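Structure first, then comments.
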Amino acid sequence: MFGYYLDMAIRSLKHNKVLTVLMVLAIGVGIGASMTTLTVMHLLSGDPLPGKSATLFRPLVDPDPTPERTHETPMDVMDYRSAMDLWSAHRADRQTLVVQSPVKVVAAATNVPPLMLMLLSTTTDFFPMFDVPFQYGSGWTADDDERRSRVAVISASLNDKLFGGANSVGRTLHLRNTDVRIIGVLKPWRPSPLFYMVAGGRFAHGDTADFYGKPEDVFVPFSSSLEINDGNFQQFTCWALPKIPGHLIDAPCEWVTVWVQLGDAGKAAAYRRFLADYAAQQKSLGRFTHAENTRLPNLMEWLDYNGVVPSDVHLQTWLAFAFLAICLFNTIGLLLAKFLRRGGEIGVRRALGATRGAIFAQFLMETALVGVLGGVLGWLLTLAGLSLVRRQPTPYADMVHLDVLMFATTFALSIAVSLLAGALPAFRASRVAPALQLKTQ
Amino acid sequence: MDIKPILSTLRRHKFTACLLIAQIALTCAIVCNAIFLIGQRLERMNMSTGVAEHELVYVQLANIDNRPDAMARSAADLAALKEIAGVKSAMATNQLPFGGSSSNMGIKTDPEQQNDEINASQYLGEDVIPTLGVQLVAGRDFRADEYHDLADVYALLRKGDMNALPKSVLITQPMAERLWPGQNPLGKQIYVAKNISLTVIGVIRELARGGGIREGEQYSAVNPIRYSASGGASYVIRCAQQDREQVLKAALAKLKGLDPNRIVLEKGTFDELRHRYFRDDRAMAGILVGVCLALLIVTALGIVGLASFWVAQRNRSIGVRRALGATRYNILNYFQTENFLLTTMGIVLGMVLAYGINLFLIVHYELPRLPAVYFPVGAMLLWGLGQAAVLGPALRAAAVPPVVATRSV
């Protein structure tokens, strides 16, 4: 029966080529538009550390003592002292600090001109905590953090640029005025978004594409970097003027990000208590005024809070699905017109003994075929759409690709859409009264 | 034209007619909002900055070090830049409109105020007014003896010697109007901290914030503070429009000549800076235009398809009407009126939907309300589209000869 319906469907589609092309085009274009935006959305709204993100938390406290600020929520990052207190308390399974700053980099014994790169100041736990993959060597130890060792880990792309991709462990990098020894080279690593640096989303008004930038090229122990790059650190915000610009250790500024890893709910609850106790203690010391203002969101909550997916991407997704809906209406209309025009044929088949179900199945087969054809067209248009997105000057452009899940979704969606479009017209066609049709012939 | 027979025919094709109405309604709603969004983006992209945009080039250097001789080096750089043929004015500044970074300060008009009244962008550098080409509408520019070096200002702040800080400030007219509506701002005080007050000595007609667009897009102030190359400065040079490329090339050569080790982070004309700043808006406006066109085409094709089907289905009745004396014009008119009725119903529904979508956008994307003018514009667009789409099938219907009535299929 399947083969027979398929044969009939192909004949029918061939019979009215213009209408077929119109329907395939409508479904294909609708699928292409919605899958392009859905793929971008899928890429941008995904979990950067699946399986682990629920154990990563971002402690927040409110060190700002000024009455001017509303203090409804703590600032996204914190001052040096609070960050160091939380980090050195070692109350979590793992804890790390992150700060970004620009630094001038020269590689000894290469003729690459000086580069201005982003330096990530962090601590030993950063690499195991965020599953950062190494190509050569490894990260530094807690001892290196303690002794302010002049060591660095570099990104795969910097290793390619400076050393042609060779194992550069043991070679020297000149950071500003300091020599550091390379002890590790990362594999290509491109978290989406650059989750550990996400902050300030609520001030971005939906313009959040910059959260999807590339990771830094040079990673150095936090303590060492404070000496190496002193004067080049930038505050997130200050509640009073810093005395020396770029030197933030004792400044009334919020600039250090803290991350902790807490293996289970019990540990998270304990850490929450620790954070509240710490803030209360700081208040009693007179350093905090808003001790109750502490938070401990996990990674995904933090990304949600910052609204990391740019509002333009949301808007495009809405538009694309509205477009698909209109294509769907269009296809229903065309199918209805087409099927009901074949009243005579239906009447004859019914009179010869075909059941209503058989008629329904036959017409549904035809629409499913339109769906498959539309899916192929939609897939091609999605590839074209994604290559268009890749050519856009957005920070996430280089990550955009169609993965297996989205590839399968393309066809599932197009067949679902065409069956949805075909169900009603096919049902109406199957209800045609055979006697009436035969009489009018 | 009597619409009763049309309505009774449509009643017999309720489902198909409803589909078409729904499609037109959805198209109308989305197109209205999309055109509105395009308008918003265009308005944003046309934002005026007040600066002589076509006459500026800039070179941004990497922030290397806080060297003690930074000020002298910047002065030497600027002297060299001013020697270039065609350069009208040059300065080192901390920010530019549409540039990467911005300095901002909270401003009070009374030192006892709890919260800042507004947040304003803070321009530093010598000769900001002539170099950016902004227009002073009241008061005067800074005198040469009013300028302080940035390093000295920091030293004074460290010492807590607030009285020695530079006291004068230039502000924009929109900012003055916001702080003291209807009053003369000259001589008024603004407070950037409890014990730091500044006196307004001049008013600039327009000067957009440094960095990106944000609330209070024209709230800017200029302080008489010399900026040095150590702070990751931008050198901004003003020259005639046609000299820009050659001046930029000469400037880069001069700067490299003075110190071959420095890193140029960015360079270009102000026009390029603006172009780059709005690239996302341009892309989004392009997408919206594309979606609008695609929607209109799909809807038009839907109308053509359905109208063709109806014409074919009613071939016989058209023949009968023609045989009974209806003219070709009557038949043409029938299909046009039918389409007009369907489109009108779609438009009415679409307007309600458009309003709903707009409310959604207001809540989720901080967009303003859809102006009423979009409703008639959207309606005209869809009426036109409907009539254009139905014309072909309607003409085919009008061409049906009366003899069809006498044939039994």
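Between A:V348, A:V313, which is among the hydrophobic types (A, V, I, L, M, F, W, C) and either in contact with a Pro (Cβ under 6 Å, 6 or more places away or on another chain) or away from every other protein chain (no Cβ under 14 Å) (or both)? Walk me through it before giving the result.
Values: A:V313 fails: either in contact with a Pro (Cβ under 6 Å, 6 or more places away or on another chain) or away from every other protein chain (no Cβ under 14 Å) (or both).
Answer to the selection: A:V348.
In the stretch A:269-308, what residues are open to solvent by 20 Å² or more (accessible area, probe 1.4 Å) and of a type in the set (V, I, T)?
Answer for the stretch A:269-308, where residues must be open to solvent by 20 Å² or more (accessible area, probe 1.4 Å) and of a type in the set (V, I, T): A:T289, A:T294.
Considering only the stretch B:352-371, how many residues are among the β-branched types (V, I, T) and under 13 Å from B:L37 (Cβ atoms)?
Adding up the residues that qualify gives 2.
Specify which of the listed residues (A:D47, A:D7) is within 16 Å of A:D403 (Cβ to Cβ) and more than 11 Å from chain B (Cβ to nearest Cβ).
A:D47
Contact list please: Cβ distance under 8 Å, first residue in the stretch A:73-93 and not assigned by TED's automatic domain parsing to the domain that holds A:A276, second residue assigned to a helix (DSSP H, G or I), pairs at least six apart or on different chains.
Short answer, once both residue conditions are applied: none.
May I ask you to list pairs of residues, at least six apart or on different chains, whose Cβ atoms are under 9 Å apart, with the first in the stretch B:30-50 being within 14 Å of chain A (Cβ to nearest Cβ) and the second being in a loop (DSSP other than H, G, I, E, B) and among the β-branched types (V, I, T)?
Matching pairs, first to second residue: B:R44/B:I213.
Would you point out which residue out of B:D116, B:D69 is under 29 Å from B:A176 (Cα atoms) and modelled with pLDDT under 90?
The conditions single out B:D116.
Can you list the strands (runs of 3 or more DSSP E) found entirely within the stretch A:77-181 that contain at least 1 residues being within 28 Å of A:G246 (Cα to Cα)?
Once the strands (runs of 3 or more DSSP E) in the stretch A:77-181 are filtered for at least 1 residues that are within 28 Å of A:G246 (Cα to Cα), what remains is A:94-107, A:115-122, A:151-154, A:172-175.
Which residues, taken from the stretch A:68-110, are hydroxyl-bearing (S, T, Y), within 27 Å of the chain's Cα centre (by Cα) and more than 30 Å from A:R171 (Cβ to Cβ)? Lay out the reasoning, then the answer.
To start, the set of residues in the stretch A:68-110 that are hydroxyl-bearing (S, T, Y) comprises A:70, A:73, A:80, A:82, A:88, A:96, A:101, A:110.
Add one more test, that the residue is within 27 Å of the chain's Cα centre (by Cα), and what stays is A:73, A:96, A:101.
If the condition is that a residue be hydroxyl-bearing (S, T, Y), within 27 Å of the chain's Cα centre (by Cα) and more than 30 Å from A:R171 (Cβ to Cβ), then A:T73 is the only one that fits.
Kindly provide the set of residues from the stretch B:1-38 that are of a type outside the set (A, V, I, L, M, F, W, C) and more than 31 Å from the chain's Cα centre (by Cα), ordered by number.
The answer is B:D2, B:K4, B:P5, B:S8, B:T9, B:R11, B:R12, B:H13, B:K14, B:T16.
Answer yes or no as to whether B:P185 is assigned to a loop (DSSP other than H, G, I, E, B), open to solvent by 50 Å² or more (accessible area, probe 1.4 Å) and more than 14 Å from chain A (Cβ to nearest Cβ).
Values: assigned to a loop (DSSP other than H, G, I, E, B): yes; open to solvent by 50 Å² or more (accessible area, probe 1.4 Å): no; more than 14 Å from chain A (Cβ to nearest Cβ): yes.
No; evaluated as a whole, the condition is false for this residue.
Condition first: touching a residue at least 60 places away in the same chain (Cβ under 8 Å), open to solvent by 60 Å² or more (accessible area, probe 1.4 Å) and more than 11 Å from chain B (Cβ to nearest Cβ). Now tell me which residues in the stretch A:224-248 satisfy that.
Result: A:E227, A:F236.
Any residue at all in the stretch B:77-85 that's among the small types (G, A, S) and either open to solvent by 60 Å² or more (accessible area, probe 1.4 Å) or within 14 Å of chain A (Cβ to nearest Cβ) (or both)?
The answer is yes; a qualifying residue exists.
Name every residue in the stretch B:276-305 that is in contact with a helix residue (DSSP H, G or I) (Cβ under 8 Å, 6 or more places away or on another chain), more than 7 Å from chain A (Cβ to nearest Cβ), of a type outside the set (K, R) and more than 30 Å from B:A17 (Cα to Cα), in order of residue number.
Across the stretch B:276-305, the qualifying residues are B:F278, B:D281, B:A285.
Would you kindly identify the helices (runs of 4 or more DSSP H) lying entirely within the stretch A:265-378 that contain at least 3 residues that are within 33 Å of the chain's Cα centre (by Cα) and not aliphatic (A, V, I, L, M)?
Helices (runs of 4 or more DSSP H) meeting the threshold: A:265-284, A:299-305, A:311-341.
If you go through the stretch B:128-142, how many residues are in a strand (DSSP E or B) and farther than 12 Å from B:L207 by Cβ?
The number of residues fulfilling the criteria is 2.
Residue-wise test of (1) under 23 Å from the mean Cα position of the chain (by Cα); (2) open to solvent by less than 50 Å² (accessible area, probe 1.4 Å).
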residue	(1), (2)
B:L42	yes, no
B:T49	yes, yes
B:Q60	no, yes
B:T93	no, yes
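Out of all the residues in the stretch B:188-208, which are open to solvent by 10 Å² or more (accessible area, probe 1.4 Å), away from every other protein chain (no Cβ under 13 Å) and in contact (Cβ under 8 Å) with a residue 40 or more places away in the chain?
Once the filter is applied, which keeps residues that are open to solvent by 10 Å² or more (accessible area, probe 1.4 Å), away from every other protein chain (no Cβ under 13 Å) and in contact (Cβ under 8 Å) with a residue 40 or more places away in the chain, the stretch B:188-208 yields B:K188, B:Q189, B:S197, B:I201, B:R205, B:E206.
For the list (1) in contact (Cβ under 8 Å) with a residue 40 or more places away in the chain; (2) under 29 Å from A:P191 (Cβ atoms); (3) open to solvent by 50 Å² or more (accessible area, probe 1.4 Å); (4) not charged (D, E, K, R), I need the number of the one condition that A:L424 fails.
Of (1) in contact (Cβ under 8 Å) with a residue 40 or more places away in the chain; (2) under 29 Å from A:P191 (Cβ atoms); (3) open to solvent by 50 Å² or more (accessible area, probe 1.4 Å); (4) not charged (D, E, K, R), only one is false for A:L424: (2).
I'm trying to understand the selection: among the residues of the stretch A:38-49, which are open to solvent by less than 20 Å² (accessible area, probe 1.4 Å) and in a helix (DSSP H, G or I)? Lay out the reasoning, then the answer.
Kept after step one, since they are open to solvent by less than 20 Å² (accessible area, probe 1.4 Å), are these residues of the stretch A:38-49: A:39-40, A:44, A:49.
Matches in the stretch A:38-49: A:T39, A:V40, A:L44.
The rows are residues; the columns are (1) aromatic (F, W, Y); (2) within 14 Å of chain B (Cβ to nearest Cβ); (3) open to solvent by 20 Å² or more (accessible area, probe 1.4 Å).
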position: A:A325; (1), (2), (3): no, yes, yes
position: A:L334; (1), (2), (3): no, yes, no
position: A:F339; (1), (2), (3): yes, yes, no
position: A:G344; (1), (2), (3): no, yes, no
position: A:F360; (1), (2), (3): yes, no, yes
position: A:V372; (1), (2), (3): no, no, yes
position: A:V376; (1), (2), (3): no, no, yes
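Just one of the numbered conditions (1) outside any loop (DSSP other than H, G, I, E, B); (2) in contact with an Asp or Glu (Cβ under 7 Å, 6 or more places away or on another chain) is not true of B:I190; which one?
Unmet for B:I190, out of (1) outside any loop (DSSP other than H, G, I, E, B); (2) in contact with an Asp or Glu (Cβ under 7 Å, 6 or more places away or on another chain): (2).
So which of B:V291, B:V247 is open to solvent by less than 50 Å² (accessible area, probe 1.4 Å) and in contact with a Cys (Cβ under 9 Å, 6 or more places away or on another chain)?
On the way: B:V291 fails: in contact with a Cys (Cβ under 9 Å, 6 or more places away or on another chain).
None of the others qualify; the one that does is B:V247.
The values are calculated or read from the model by the stated rules, or taken from the named source; none is laboratory data. Treat the numbers as computed from the prediction; the structure is a model and nothing was measured. Virtual Cβ from ideal backbone geometry, glycine too; neighbours counted across all protein chains shown. Quick note on the areas: whole protein, heavy atoms, side chains included, nothing else; ligands and nucleic acids left out. Shrake-Rupley method; radii C 1.70, N 1.55, O 1.52, S 1.80 Å.
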